[in-house]
1. Please indicate, with yes or no, whether at least one residue in the range 289-308 is under 20 Å from the mean Cα position of the chain (by Cα), among the hydroxyl-bearing types (Ser, Thr, Tyr) and modelled with pLDDT under 85.
2. What tally of residues in the range 662-681 results from selecting those that are within 34 Å of the chain's Cα centre (by Cα) and among the hydroxyl-bearing types (Ser, Thr, Tyr)?
3. For the range 143-191, how many residues meet the condition of being farther than 22 Å from Ala78 by Cβ and either aliphatic (A, V, I, L, M) or free of Cβ contacts under 8 Å to residues at least 24 places away in the same chain (or both)?
4. Read through the list (1) at pLDDT below 90; (2) more than 18 Å from Arg356 (Cα to Cα); (3) open to solvent by less than 10 Å² (accessible area, probe 1.4 Å); (4) hydrophobic (A, V, I, L, M, F, W, C), then give the number of the only condition that Val189 fails.
5. Can you say whether Glu709 is open to solvent by 30 Å² or more (accessible area, probe 1.4 Å), closer than 30 Å to Arg525 by Cα and modelled with pLDDT of 90 or more, as far as the supplied structure shows?
6. Taking the condition in contact with a Ser or Thr (Cβ under 8 Å, 6 or more places away or on another chain), in a helix (DSSP H, G or I) and closer than 28 Å to Gly177 by Cβ, does Leu285 pass?
7. Can you tell me how many residues in the range 599-629 are touching a residue at least 60 places away in the same chain (Cβ under 8 Å) and either aliphatic (A, V, I, L, M) or open to solvent by 70 Å² or more (accessible area, probe 1.4 Å) (or both)?
8. Just the residues that are closer than 22 Å to Leu625 by Cβ and either open to solvent by 40 Å² or more (accessible area, probe 1.4 Å) or outside any loop (DSSP other than H, G, I, E, B) (or both), please, taken from the range 559-576.
Amino acid sequence: MSVFDRSTGDAPRLILSEKRLILSDNLRLATFIAAIFASAALLFTVEPMFTKMVLPRLGGSAAVWTTATVFFQSMLLAGYVYAHLLTKYAPLRTALVVHLLVMVAACAALPLHIATGWGRPPAEGESLWLIGLFTASIGLPFFALSANGPLLQAWFARTDHPSAKDPYFLYVASNIGSFLALLAYPFAVEPFVGLSAQTSVWTTGFYGLIVLIGGCAGLSSQSRHLPRAIAAPEASGVRPGWTEVVTCMGLSAVPSGLLLAVTSYLSTDVASVPLFWVLPLAFYLLSLVVAFQTNPLIPHGLVLKAFPVCIVLLTVFVTFNPVEWLISSLTVHLAAFFVTALMCHGELARRRPAARYLTNFYIWLSAGGLIGGITTGLMAPHLFTWVAEYPILIVSAIFCVPAVASTTVKALTERAVERLLLLTLAVALVALFALKWLDIKFGEISVVTITALLLGLTVYCWRKPVSFAAIIGFIFIANAYCFTYDRGNHVVRNFFGVLNAAETGDGRFRVLWHGTIGQGSQRIRDDNGHKLSGRPEVVAEFFDGAGIAQTVDAVRARFGRPINYAVIGLGTGAMTCRARAGDTVTFYEIDPDVIRVARNPKLFSYISECAPQTEIVQGDARLTLSASSAKPYDLIFIDAFLGAAIPTHLLTREEMAMYFGKLSPHGVVAVHVSNRNLELASVVAGVANANGAVARYYRGGDVQENAHESRWVPKVVAVARQDEDFGVLAQSRYWPEIDRDPGQVVWSDDYSNVLGAVVRKWKERMRLTSISIPR
């Protein structure tokens, strides 16, 4: 047979072999992508799911998620270091077996649950306690999942697959899995599936992932050019120096810190729930997906142009908060965060090393992220009495912008202008502090004008990081110290947020602020500026004739004797002055600093003047009230939902049953449901109906608000076992009965839907707006 004939005869076998090779490569790639995608999805689903499980232990505080994120970042770094060491020092087959054993060992912590021995948190050191709880409960499964990303990519890079030379595209697949899982949780999982079912599905997914990783291990071990160890052979690429390593860590630390700062802002002023945890984190992951694409969907040059615009707009919102509507504020903060993260991650993508240093690169990124997380989540609350980390990180992000090179002559001129600008700002800052010390204040119009001029100046130096950062930093410092925190204010920060007892502009009232939400006020001077003494006038939502006062009076009249009532949420302690001779009141308050502020007669004198012997029980009301052996209460008033991070676990079917268990016969449970961003009245109606109780809803109409006199009409839902227990409220047209919405699932310890409450509030605002517009 001729050579021609022999080659022709071998052709079918060669074609078949080539097809088998292609099928093998496709199978290998699909298996690795599926394993990485599933691992990332499980990793970022367990974060909000388990944190929601833990949230009731600490009163729904926004800091729970912030602290949890620090734990997640720590375990992520530990997983990356483990992956790097296993990649570098262990033979391939040994490494495959070791990691499979780690995954199997992690199953001992399943199904997910809070570890035994972690019941009531301490009065102080909540952050360290919380990290310990997470470590004991989900430490091993989270560690095993954290290592999967870099390990699987490193294994793939050591195969003979055609795409193995640049495995960073698998990092994109990982981030896509994380991004989709995060978005799915608040929108497709939490509103429809209870926590117990979520943990069952997650556990099943973890077992399935072990099978996928076993498949990856088998395919890796069958590589046609299998190296003896996972460690890469000599490959091209210059080893990054320490300057490059530190730069990468800095570029990772800034968006990581901003992630926590933005999340804390949203969670504190709206609600500490998965919806407001995952949105910033989803945008963070999306920025990684875009930045590490081979051909980014959003060009890096466009991001650099959009960045200064976003920073200027964000500065306006942080400084003045010009729009209080949730959607507008949410849009600005998240958009600015996304662009900033995309800019930093784009710079990281430009600096990524050769595949040989892949696991090193992930360690640098993770270490930088952990530094940003620890600084923002754990250190900042102890270093600052206000949320200084947010503006500090905004200014730090400006330094991440690559500077534009200039000609020598032009550079000298710009340097001189920059020095003059810095000197001018320094002198102005000293002058502002001096004016503050002399108690000389600028008018609001002057402040806005000066700020607008400075922001306009940034147009000429947005690619000069030092000048741009100096202007933005000056605006933040001047606003925080010279205009926001006046002399005489009492500011304290702890695990539960920032408390500020501040006088109003006219000096007649002192208001207790938690973040940007007023928690109560007291009149301290008359209209002529003279200080008041004696029993204080009850103002804010507690004033005479409004819904809260009506509830207390109706319960007292129904029993025809002095009453024993409990209040969940202390605030300024105004509810002590609603008591009459013979009444007893007990407060349940989780924040020890709120207790100290309310008991300080130099700040608020409600308790000292009306009931100095009032009992205040410190701790989460879910735990302390249920454990209380006090005699039954005639009224339980829940005042924990005014506007800051709401404790959703106090609005469940099981919790309402507990309230009734602490009530005397014919007693009443009343819930203050006034809230800027959430509609909660229907939630209370649902849990009341689930307990066979009746609910009535007060929205005002019989009294008028008066901002000048600090009087605000409260929204109150009263709940009783039967209608006659309401007394005179049942005959009032201002207290109509409210039925359960059949379209809503009743909130329980296993289920809550804050997204639905946000949407209902938005619809309510739209309806009121349309009514107020003349036609």
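1. Going residue by residue through the range 289-308, those that are under 20 Å from the mean Cα position of the chain (by Cα) are none.
Looking for residues that are under 20 Å from the mean Cα position of the chain (by Cα), among the hydroxyl-bearing types (Ser, Thr, Tyr) and modelled with pLDDT under 85, one finds none in the range 289-308, hence no.
2. Going through the range 662-681 one residue at a time, the tally reaches 1.
3. Residues that pass the stated criteria total 9.
4. (3)
5. Numbers: open to solvent by 30 Å² or more (accessible area, probe 1.4 Å): yes; closer than 30 Å to Arg525 by Cα: yes; modelled with pLDDT of 90 or more: yes.
In short, yes.
6. On the way: in contact with a Ser or Thr (Cβ under 8 Å, 6 or more places away or on another chain): yes; in a helix (DSSP H, G or I): yes; closer than 28 Å to Gly177 by Cβ: yes.
Yes; evaluated as a whole, the condition is true for this residue.
7. Residues meeting the conditions: 4.
8. The first filter runs over the range 559-576 and keeps only residues closer than 22 Å to Leu625 by Cβ, leaving 559, 562-576.
Correct list: Phe559, Pro562, Asn564, Tyr565, Ala566, Val567, Ile568, Ala574, Met575, Thr576.
The values are calculated or read from the model by the stated rules, or taken from the named source; none is laboratory data. For clarity, every value in this text was computed on a predicted model and none was experimentally measured. Backbone-built Cβ (ideal geometry, glycine too); neighbour counts: all protein chains shown. Protein only, heavy atoms only, side chains kept; ligands, DNA and RNA dropped before computing areas. Shrake-Rupley method; radii C 1.70, N 1.55, O 1.52, S 1.80 Å.
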